Amino acid sequence: MTKRPTFKFDKELFKRSVEYNVRSMYRKDMEDATAQMIFQASAHALRDQIIDCWMNTQKAFEEQEPKQLVYLSMEFLMGRAFGNDAINLQAYQPIADALSELGFDINAIEDEEPDAALGNGGLGRLAACFLDSLATLRYPAYGCGIRYHYGMFKQKIEHGQQVEVPDNWLKHGNPLEIRRPEYTEEVHFGGYVTSYQVDGGRTMFRQEGYQCVNAVPYDMPVIGYGNGFVDTLRIWDAEPVEEFRLDSFDKGDYEKAVEDTNLAKLITEVLYPCDDHYQGKELRLKQQYFFVSASIQQAVNKYLTGNKDLMKLPEKYVFQMNDTHPTLTIPELMRILMDEHAMQWDEAWHVTTSCCAYTNHTIMAEALEKWPIELFSKLLPRIYQIVEEINRRFLLDVHAKYDNAGVNVQDKIRSMAIIFNGQVRMANLAIVASFSVNGVAALHTKILEEEVLKDFYDLYPQKFSNKTNGITQRRFLLHANPLLAEWVTAHVGEDWITDLSKISDLKLYADDPKAQKEFAQIRFRNKQRLAAYIREHNGIEVDPHSIFDVQVKRLHEYKRQLLNIMHVMYLYNCLKADPNFKMNKRTFIFGAKAAAGYVNAKLTIKLINSVADVINNDDSINGMIKVVFIEDYRVSNAEIIFAASDVSEQISTASKEASGTSNMKLMLNGALTIGTMDGANVEIAEEVGRENMFIFGLSSAEVLKYENNGGYDPYEIFNNDQNVRQVLMQLVNGTYSADNPELFRPLYDSLLKSSPQNPADRYFILKDFESYAAAQREVDKAYSDQKKWMKMSILNTACSGKFSSDRTIQEYVRDIWHLKQVSFPEDIPAKKSGTRAVPAK
Ligand code: 26W
């Protein structure tokens, strides 16, 4: 049996190999090497040191043949690897020492690494946190995704406006990946389907005349915390099947070769930067089929090297689909089982529906993926046939159940059919063919069950469950906030690192003056760190004594950055109108990328920057308010921001934010939440108590009720609330856009005018404004009492235990995946892992 892979960092060896790598990779001496070269050399040196652990872990999989999770996701927002790997190897300090002995500062070296930004936002970062937890808990897992050559665009702010710049993250190469050409799979697009007869008269199908692309995997290690266990993130790159041959004389061949080469170049070129908004782009469907087909073919092939009976595939594999993006897993697995392994429909269906599970991340109707039949069937003719057959059989079941049952069957079909109105509805396919459907926070799951997916829930109640999201405390406290991490360890011991429930012992110190003082000092130093970042990147001086009020997330109307900035405009009006207006100094910090084509979102960024320009330069308010828009918000600068935040803005229209995860990261770092009762905020309130946060606004039930009645009339507010009216008028009278007073008209219109597609103020910004302003007054009041604030802040950190992704993963394992922790002979049973198992249901 494989020995437990232990990792022992060898500092001297590391130093020698950095020096050696600099010479061999760049033909330079240390004195002449750039910081980027040192980073590359160090990352290679680190990779070399973990190779044994990685190989040993994989060998244990081969020997023990445990059931494996394949986590299929179009997005993995990994961020930087080097510092995080060092943390999880428990070698951060020795590596820092080694680099320092070589004359380098580890922070500067870490800054040389580009973020692996293979994701848009919450959904992609969740996948990354899950991998961290899976490896830490020693579960056998593969993350499967796409090796985009260009990740999430880099955001530049020019004249207050967002400009998208390509993210060439592979420019210097990726030292932490390994290309695995020996595991290449072929993926087929287009062509047509033919049938043929086999012995016994059975009709079989195959795709012909297709275009062909090679899927070549690149592996990145996912290192567990302090356990020498290494899982794998496998991202697929597209390459032409045959190198394009110039000597091809056959015109047909030549053209096909050109086409195949072009297709391969395109597929993995770029991540679609759309978030929560579906567009029927053919290339995106190609990306989806590409990585799903490669991943599933691989899983089946690997299974068949050790097993014969494909009926037992579900004992060895579970495929978790991260939203509907990988839903083609279902028809692809059916195709492989039937067309390549001659299984009958019923058997293939049984296997497929026992392997596949689906997570829903949004109730926003515009995010639901629907593909036009034309496009779908042309690109994936055989897959389309299979989907049609799944739909036909499903509708028979619906009829069987509801005909003669006093139910309007046509209503049921309208809501549940997989193919409807000329479109393939991916969520419906995912639900029908999965054994598990889960939401990502309690409220979100309830809305799915009772509203959005009600008909499906009536049909298959046993499939549905909730798995509240979580985040990894290793990256978002241990790495992001070393000062606080050390303080927490000093007070409750270090077990919190692998068992975040332990952090609740901090409650004992919430009232302790000494603890409060130390806590306050740490928070202050982190705020100084962020102030320095802002000085360097924005050229704005902010006061670390001011309240750092933070909203960092994708820019979307439902997340209501507009509500936040309109409240800032209101406060500024108060200061201007009344020289005696009392408030604590506040710095409003925003970070957000907008989808490139999302007009109102981009305009909101412009508004934030315009408001910042006016307010930050108005000496008459004595710097009481500062507004900062942090350019290019991403995982690496998020870590600096979370550690320094006093107030966490979680102000989505109730019912719209499925969970949110920045709410958890900020809470863990001691920020107090101002928020609606939406997503995981509801559970944050349960954990920390409503008295330790600031809750405002309509409830999700109220929002849904208004929506069902066609909205509300914002003029009720416009006509009666002076403050709101003043702010609204300032959107269109040039206060923040002297050159072009009409600039912000679309935002004004979105709040007051209804259109056939959208009711006025669809996201209830005016409706919630007064309640939000009142909650903000409470924030201000609470901050005036620093003792009380620090107590609340400590309690927020202390009560964040539930929101570890370790807990989330344990729940998925218990209820959906049924994986076993990989064990090694030397494991001491009592200390199998530091992590508390979730109690049995
Ligand atoms: C088809 C275009 C598209 C692209 C991305 C549609 C939808 C998405 C994602 C669902 C967007 C996303 O990241 N959703 C977020 O997922 C997080 C993790 O579960 C939640 O915490 C957030 O509330 C949810 O918005």
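Results, tabulated for the structure shown:
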quantity: Residue-span extension gain [Ala738 to Ala577] - 0.36 nm each, minus C-alpha spacing; calculated: 55.9 nm
quantity: Within straight-line cross-link reach of Lys791, lysines at Cα separation under 19 Å, skipping those fewer than 8 residues along the same chain; calculated: Lys502, Lys507, Lys514, Lys517, Lys527, Lys665, Lys781
quantity: Accessible carbon and sulfur surface of segment 493-598 relative to its total accessible area, %, 1.4 Å; calculated: 50
quantity: Accessible surface of segment 46-118, 1.4 Å probe, proportion on carbon and sulfur as whole %; calculated: 45
quantity: Neighbour net charge for Gln726 - beta-carbon separation under 14 angstrom, K R +1, D E -1; calculated: -1
quantity: Ranked by how many other beta carbons lie within 10 Å on average, peptides 526-535, 254-263 from highest; calculated: 526-535, 254-263
quantity: Gyration tensor (alpha-carbon) shape descriptor, segment 31-134, a/c threshold 1.5; calculated: oblate
quantity: Karplus-derived HN-Hα couplings along segment 560-572 (A = 6.51, B = -1.76, C = 1.60, θ = phi - 60°), whole Hz, x at Gly and Pro; calculated: 6, 4, 5, 4, 4, 6, 5, 5, 4, 4, 5, 4, 4
quantity: Length gained when the stretch Ala701-Glu269 is fully extended (0.36 nm per residue, less Cα-Cα span); calculated: 151.3 nm
quantity: Percentage relative contact order, the chain, counting C-alpha pairs under 8 Å, at least six apart; calculated: 14
quantity: Listed peptides 219-225, 747-753 by packing density, highest first (mean Cβ within 10 Å); calculated: 219-225, 747-753
quantity: Cα gyration tensor shape for segment 310-393, rounded if a/c is under 1.5, else prolate or oblate; calculated: oblate
quantity: 14 Å beta-carbon shell around Tyr715, net charge (K/R +1, D/E -1); calculated: -2
quantity: Protection-proxy order for peptides 410-422, 64-76, each taking the mean of Cβ atoms within 10 Å per residue, highest first; calculated: 64-76, 410-422
quantity: Rounded if a/c under 1.5, otherwise prolate or oblate - segment 442-580, Cα gyration tensor axes; calculated: oblate
quantity: Environment charge at Arg475 (Cβ cut-off 15 Å; Lys +1, Arg +1, Asp -1, Glu -1); calculated: -2
quantity: Distance (nanometres) between label positions extended 7 Å along Cα→Cβ at Gln90 and Thr34; calculated: 3.7
quantity: Spacing of the two label points (7 Å from each Cα toward its C-beta) at Gln528 and Glu242, in nm; calculated: 6.7
quantity: Approximate spin-label separation Asp512-His818, in nm, with each point projected 7 Å along Cα-to-Cβ; calculated: 4.6
quantity: Length gained when the stretch Lys401-Arg16 is fully extended (0.36 nm per residue, less Cα-Cα span); calculated: 131.5 nm
quantity: Å² per residue, accessible surface of the chain at 1.4 Å; calculated: 39
quantity: Portion, in percent, of the accessible area of segment 323-421 that falls on carbon or sulfur, probe 1.4 Å; calculated: 48
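The values are calculated or read from the model by the stated rules, or taken from the named source; none is laboratory data. Remember, predicted model here, so these are calculated numbers, not experimental data. All Cβ positions, even for glycine, are placed from backbone atoms using ideal geometry, and neighbour counts span all protein chains on display. All accessible areas refer to the heavy atoms of the entire protein, side chains included, with ligands and DNA or RNA removed. Shrake-Rupley method; radii C 1.70, N 1.55, O 1.52, S 1.80 Å.
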